[in-house]
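Student: One structure follows; several queries about it will come next.
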Amino acid sequence: MSGVAFAGPRGAPVTAELLAVNEIFFSIQGEGTRAGRPCVFVRLTGCPLRCVWCDTAYAFHEGTRRSFTELLEAVAGHPTRLVCLTGGEPLSQKSACAFVRVLLDAGYEVTIETSGHLPLDDVDQRAVLIMDVKTPASGEHGRMHLPNLERLGAKDECKLVISQRADYEWARSFVRERRLHERCTVLFSPVHGELDPGELGRWMLADGLPVRLQVQLHKYLWPGVVRGV
């Protein structure tokens with residue numbers, strides 16, 4: 001839905017478009033190169049994928065439609081300039097790219113957590129892409145839009161979630177064959193509670209992989225808390 005433009009924070013133009021939003025919350029970023037930083041998370045509703053280890057299945061259907069104005073006001077109510085658009089799959093909503101532009105024009109640092117199965121052509125180049133390449137055990141292997149890899153640059157990140165040795169070996173080959181580490185930061189992330197991070201670290205060291213080990217920091221800060229972290 002589109003409508004008349006008006007001024008948002010810092011004079012940024014905003015249209016009367018709507019997004020289905022599951023939750024907005026202020027927390028510590030638990031993943032990626034920005035781990036440890038205060039961040040506002042805007043979790044959008046909906047995802048066409050069904051990964052085996054998904055920890056946000058509640059976002060598949062729950063949510064309310066909110067205007068860009070409402071969302072900007074909610075974001076501005078928190079003391080940070082870092083915003084993470086997440087899901088579900090945030091880019092499954094057509095208005096998401098327009099909202100990203102609005103945030104960027106308002107002076108926010110914006111990251112987008114995406115599975116990469118949808119083309120990224122319309123995503124503003126100023127936004128940071130954090131693309132989750134699905135490994136075989138996810139149950140959604142093969143759904144990725146491979147040309148998206150060419151869209152990644154030095155500021156972007158590529159995450160591979162690993163639950164077992166077979167996933168690791170697949171991820172290792174994927175990174176090496178595509179020389180992905182030369183394009184962007186590559187993150188290997190163990191499935192929380194399934195693969196010991198130390199074990200994954202030992203595999204990485206043995207192979208001399210030029211990738212970064214990450215854990216989900218928020219799950220260690222607030223164990224057992226599912227939403228709002």
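Throughout, read-outs are computed from the coordinates displayed, never taken from laboratory work. On a predicted model such as this, the values are computed, not experimentally measured, just so you know. Backbone-built Cβ (ideal geometry, glycine too); neighbour counts: all protein chains shown.
Student: Any idea which of Gly153, Trp170, Thr135 is furthest toward the positive side of the dipole for the range 129-197, if Lys and Arg beta-carbons carry +1 and Asp and Glu beta-carbons -1?
Tutor: Of Gly153, Trp170, Thr135, it is Gly153.
Student: State the antiparallel share, in %, of DSSP beta bridges confined to the chain, rounding to the nearest 5.
Tutor: 35 percent
Student: Treat every Asp and Glu Cβ in the range 36-114 as -1 and every Lys and Arg Cβ as +1, leave all other atoms uncharged, and give the resulting dipole magnitude about the Cα centre to the nearest 20 debye.
Tutor: Dipole about the Cα centre, nearest 20: 80 debye.
Student: Separate question: Can you give me the span-like helices of the chain, meaning DSSP H runs with 30 Å or more of Cα extent along the axis and Kyte-Doolittle mean at or above 0.0?
Tutor: What comes out of the filter, once short or polar helices are dropped, is none.
Student: Rounded to whole Å, give me the distance from the Cα center of the range 53-73 to that of the range 155-229.
Tutor: 26 Å
Student: Setting aside same-chain residues fewer than 8 positions from Lys159, which lysines have a Cα under 21 Å from its Cα?
Tutor: Straight-distance partners of Lys159: Lys134, Lys219.
Student: Defining a contact as two alpha carbons under 8 Å apart and six or more residues distant in sequence, what relative contact order in percent does the chain show?
Tutor: 18 percent
Student: Can I ask one more? Please work out the FRET efficiency for the pair Arg165 and His61, using the Cβ-Cβ distance as r and a Förster radius of 41 Å; give the result to the nearest 0.05.
Tutor: Between Arg165 and His61 the formula returns 0.75.
Student: Listing Phe60, Phe99, Phe41 from the residue with the fewest other Cβ atoms within 10 Å to the one with the most, what is the order?
Tutor: Final ranking by Cβ density, sparse to dense: Phe60, Phe41, Phe99.
Student: Is there a quick way to get the dipole size of the chain? I mean about its Cα centre, with the Cβ of Lys and Arg at +1 and of Asp and Glu at -1; what is the value in debye to the nearest 20?
Tutor: 240 debye
Student: Just subtract the alpha-carbon distance of Trp222 and Trp53 from 0.36 nm times their residue separation and send over the number in nm, one decimal. Provide the component values of the computation, followed by the final result.
Tutor: On the way: separation 169, 0.36 × 169 = 60.84 nm, distance 1.87 nm.
Gain on stretching Trp222 to Trp53: 59.0 nm.
Student: What's the longest bit of the chain with no exposed GluC sites (Glu not before Pro), using DSSP loop states and at most 16 other Cβ atoms within 10 Å as the test?
Tutor: In short, 63-193.
Student: Could you give the semi-axes, largest first, of the ellipsoid that matches the range 70-229, computed as the square roots of 5 times the alpha carbon gyration tensor eigenvalues and rounded to whole Å?
Tutor: Output for the range 70-229: semi-axes of 28, 20, 14 Å.
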